[in-house]
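The values are calculated or read from the model by the stated rules, or taken from the named source; none is laboratory data. A quick note: this is a predicted structure, and the numbers were derived from the prediction, not measured. Backbone-built Cβ (ideal geometry, glycine too); neighbour counts: all protein chains shown.
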Amino acid sequence: MNNLKVTRPEDPVDVSIVVPIYNELENVPILLGEITAVMQAGPYSWELICVDDGSTDGTAEALAQAANSQPEVKLVRLRRNFGQTAAMQAGIQHASGNVVVTMDGDLQNDPRDIPAMLEKIDQGADLVLGWRRQRQDRLFSRKIPSRIANWLISRTTGVAVHDLGCTLKAIRADLARNLELYGEMHRFIPVLAHRLGARTVEMETHHRPRQFGTTKYGIGRTTRVVLDLLTVQFLLKYFDSPMKLFGKMGLIVGALSWLCFSAAGIMKVLGGVDLTGNPLLILSVLGTILSVQFFGLGFLGEVNARIYFAANGKQNYQVRELVNFGPGSSGPRRRAA
Ligand code: UDP
Ligand code: MG
C-alpha cells in the first residue's frame, strides 16, 4: 500500500470521490451514509465531492447541510444544470486526491465496490472500469441501446470494453485531469484514457435498480452518443495532425476531378464533343474547388492543433514516469505509476 497512499501537503487526501447530482433529494442521505461507512472502514484518507448540477428540489441545500456537518463532504454547486459530463469535470477539477473515484448519485452504483477498485489502482492500474454485468435497468430503452453502443464504440475505436456507460470508475488524478470532458464525453472515458496511454482494467461491479427519483435520460441520448463517437474518433486519430484526414480527402477528390477533366479532354480531342454544360467538366471544376477547400481545412486544423498545444502548455505525449530527474522535476505529480 505505498503506491496509492502518499499523502503530501499539496494533496490533502488519498481518494476523492466525485458524484454529479441532479435532483436526487431522497438518495442523498443514503448515498452519503453508504460512502462514509465504506471509506471509514478503509485505510485511505478521503473526500466526497458532491457536484450539485443545478438541482431544483432542495438537493443542494441538503448537500450544503451535510458538508457543514461532515468535513469529508464537499459541495461544488453549479449555477444551473450543465449536464452530467460537465458536473463530473467540475468535480474532477476540484478534487485534491491522488485518485478520483466517479460514481452516480442515484444509488445504482454500490460504494462497497470502491475498495476493490482502489486495490487495483494500488497494483498499478491507471484506470479501473466498472462493469455492470447484472445491469438493473429497462431492457429496451436501456440495456439494448447500451449493448449496441458498446459494440459500436469498441469496434470503431478499437478499445474493447464491456460497459462504457458504467459511471463507477477509479482513475489516477493526473490522468483524470487530462481527460477534458465535454458534451456527453464521460461515457468515452475509457477511449479518451486509452488515447493518453492509460493502463486500464475492468472489474465487475454491483448494480442496483433505481429506488428513488427518476432517470434523467431517455432513448434520445442515443443520437448524442453517436455524434460524440464521431468526435472521439476524430480526436483519437487526427487531433494531432488533422491534415492526415483532410489532406487525404483533398487528394482523393482532387484525383477524381483530374480523372473527370481528362475524360472530358479526351472526349473533346478525340470525339470532337461540344463541352458546353458537360457534366464531367462541371464535376472536375467542383472537385477541384472541394479539394482546395479540404486542404485549406487541413492547414487550418494543423494551425489549431499547434495553438492548442502551445497556448495550453500541453504536450502531445504523456509521461508515465521520470527516473533520476530529481525531486523538483516537472511532469506528473505522482512519483511513479
Ligand atoms: N446527473 C447530473 N446532471 C444531469 C443528469 C444527471 O448530474 O444533467 C446525475 C444524476 O443525478 C445521477 C447521474 O448523473 O447522479 C446519472 O444519472 P441517471 O441516473 O439519470 O442516468 P442513468 O443511470 O439512468 O443512465
Ligand atoms: Mg442511474
Within segment 223-245, tally of residues that are exposed (fewer than 15 other Cβ atoms within 10 Å of the Cβ) and within 14 Å of ligand 1 (Cβ to nearest atom)
1
Is it the case, given these coordinates, that Gln84 is buried (at least 17 other Cβ atoms within 10 Å of the Cβ), more than 18 Å from Leu181 (Cβ to Cβ) and polar (S, T, N, Q)?
no
Over segment 248-296, the set of residues of a type in the set (Gly, Ala, Ser) and surrounded by fewer than 13 Cβ atoms within 10 Å (Cβ to Cβ) is Ala255, Ser262, Gly271, Gly272, Gly277, Gly296
For segment 149-189: of the residues being charged (D, E, K, R) and surrounded by fewer than 21 Cβ atoms within 10 Å (Cβ to Cβ), which is farthest from Thr223 (Cα to Cα)?
Asp174
Note on Tyr317: of the conditions (1) under 30 Å from Asp126 (Cβ atoms); (2) more than 29 Å from the chain's Cα centre (by Cα); (3) not hydrophobic (A, V, I, L, M, F, W, C), unmet is (2)
Selected residue (only one of Ala263, Ala255, Ala305 is assigned to a helix (DSSP H, G or I) and touching a residue at least 40 places away in the same chain (Cβ under 8 Å)):
Ala305
Ile144 passes all but one of (1) aliphatic (A, V, I, L, M); (2) closer than 17 Å to Val225 by Cα; (3) crowded, with 22+ Cβ neighbours inside 10 Å; which number fails?
(3)
Give the residues of segment 224-252 that are part of a helix (DSSP H, G or I) and polar (S, T, N, Q), sorted by residue number.
Thr231, Gln233
Based on what the data block shows, is Gly213 within 16 Å of ligand 2 (Cβ to nearest atom), on the phi > 0 side of the Ramachandran plot and out of contact with any strand residue (DSSP E or B) (no Cβ under 7 Å at 6 or more places or on another chain)?
yes
Mind counting the residues in segment 9-54 that are farther than 17 Å from Leu107 by Cα and not in a helix (DSSP H, G or I)?
15
Looking at segment 25-34, is at least one residue of a type in the set (Asp, Glu), closer than 15 Å to Val76 by Cα and at pLDDT 95 or above?
no
Among the residues of segment 190-206, is there at least one that is farther than 20 Å from Asn316 by Cα, within 16 Å of ligand 2 (Cβ to nearest atom) and outside any helix (DSSP H, G or I)?
yes
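Each row is one residue, and each column tells you yes or no for (1) of a type in the set (S, T, N, Q); (2) farther than 14 Å from Tyr22 by Cα.
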| position | (1), (2) |
| --- | --- |
| Gln70 | yes, yes |
| Leu78 | no, no |
| Phe82 | no, no |
| Thr85 | yes, no |
| Gly91 | no, no |
| Ile114 | no, yes |
| Asp122 | no, yes |
